[in-house]
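Take this structure, written in C-alpha cells, and hold onto it; I'll ask about it next.
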Amino acid sequence: MNKQAQIKTINGEIYLWFDELFLERRKNGHSKEKIERKAIKDKIQQLFPGAILKHEVNGAPILLNATYSNLSISHYRGGYALYFSNESCGVDIQYFKDTLLKGKDYFVNAEEEELDLNKTNLHLIWSAKEAFFKKQKGNISDLKKEVSIMAIFEDSIQVAYKGQIEMVFYRVFQDFVLVWT
C-alpha cells in the first residue's frame with residue numbers, strides 16, 4: 001500500500017496515512033500523544049484549512065468550519081485513519097498482533113464463538129466493535145455483551161445492536177485491517 005490513501009464511502013471520506021518517522025521520534029523522547037495530536041491536527045488543516053477540532057464531554061471529536069461535521073479518529077504506532085462524514089461515524093485501524101487471540105475472551109461473546117475465529121476475523125471483530133462504539137460516541141456500556149458480530153462477508157460485517165442490524169465495512173491490508181461504519 002502507498003504511504004497514504006483516500007477511501008470514498010457512502011457517507012464521507014477516509015484518509016489513511018503512515019508516519020515513517022513515528023518510531024524515530026519516540027526514540028528521541030517525543031511523547032506518543034504529542035506526536036499523534038500534531039499529526040492529526042496537521043492533516044485536518046491540510047484537508048480543511050481553518051477547520052477547528054473540538055471534543056464533546058465524552059471525548060468524541062467534533063469538527064467545526066469544515067465540509068464535514070463528524071469525525072472519527074484512529075491511530076496506532078504511526079498509522080492514522082480519519083473518517084470525515086456529515087453523519088455519526090466510526091473508524092478503526094488495527095495492526096495484526098498475536099496477543100489478540102490470547103485476549104479474545106475480553107471482546108468475543110457467545111454468539112461470535114460460532115464464527116470462524118481465525119487471526120484476520122478476530123481483528124475484524126475487534127475493529128468492527130471499536131468503529132461501531134465510536135459511531136455511537138461511546139454510549140455503549142458493555143461492548144462485548146451489547147454488540148454482536150453476526151457475519152463477516154467479503155468486504156462488510158453484519159453488526160447487531162439493540163435489536164437492529166447494521167453493516168460496517170472493511171479492507172484487509174498486509175499488516176492491518178481498516179474498519180468503518
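The values are calculated or read from the model by the stated rules, or taken from the named source; none is laboratory data. Because the structure is predicted, anything quoted here is derived from the model rather than measured. Every residue, glycine among them, receives a Cβ derived from its backbone with ideal geometry; neighbour counts consider all protein chains shown. All accessible areas refer to the heavy atoms of the entire protein, side chains included, with ligands and DNA or RNA removed. Shrake-Rupley method; radii C 1.70, N 1.55, O 1.52, S 1.80 Å.
How many of the residues making up region 161-180 are without any contact (Cβ under 8 Å) to a residue 24 or more places away in the chain and either in a loop (DSSP other than H, G, I, E, B) or open to solvent by less than 80 Å² (accessible area, probe 1.4 Å) (or both)?
Qualifying residue count, region 161-180: 3.
State which residue is farthest from Leu71 (Cα to Cα) when the search covers only region 23-46 and only residues that are open to solvent by less than 60 Å² (accessible area, probe 1.4 Å) and under 19 Å from the mean Cα position of the chain (by Cα).
So the residue we want is Ile35.
From the residues in region 75-101 that are open to solvent by less than 10 Å² (accessible area, probe 1.4 Å) and β-branched (Val, Ile, Thr), which one is farthest from the chain's Cα centre (by Cα)?
Going through the qualifying residues, I end up with Ile93.
So, one more: Can you name the condition, by its number, that Lys137 falls short on among (1) outside any loop (DSSP other than H, G, I, E, B); (2) open to solvent by 40 Å² or more (accessible area, probe 1.4 Å); (3) within 19 Å of Thr181 (Cα to Cα); (4) not hydroxyl-bearing (Ser, Thr, Tyr)?
All conditions pass for Lys137, except number (1).
Out of Leu53, Leu82, which single residue is of a type in the set (A, V, I, L, M) and more than 22 Å from Val172 (Cα to Cα)?
Result of the check over Leu53, Leu82: Leu53.
Take the residues of region 102-132 that are in a helix (DSSP H, G or I) and of a type in the set (Phe, Trp, Tyr): which is surrounded by the most Cβ atoms within 10 Å (Cβ to Cβ)?
Phe132
May I pose another question? Taking region 92-115 on its own, how many of its residues are more than 29 Å from Tyr15 (Cα to Cα) and in contact (Cβ under 8 Å) with a residue 12 or more places away in the chain?
Adding up the residues that qualify gives 5.
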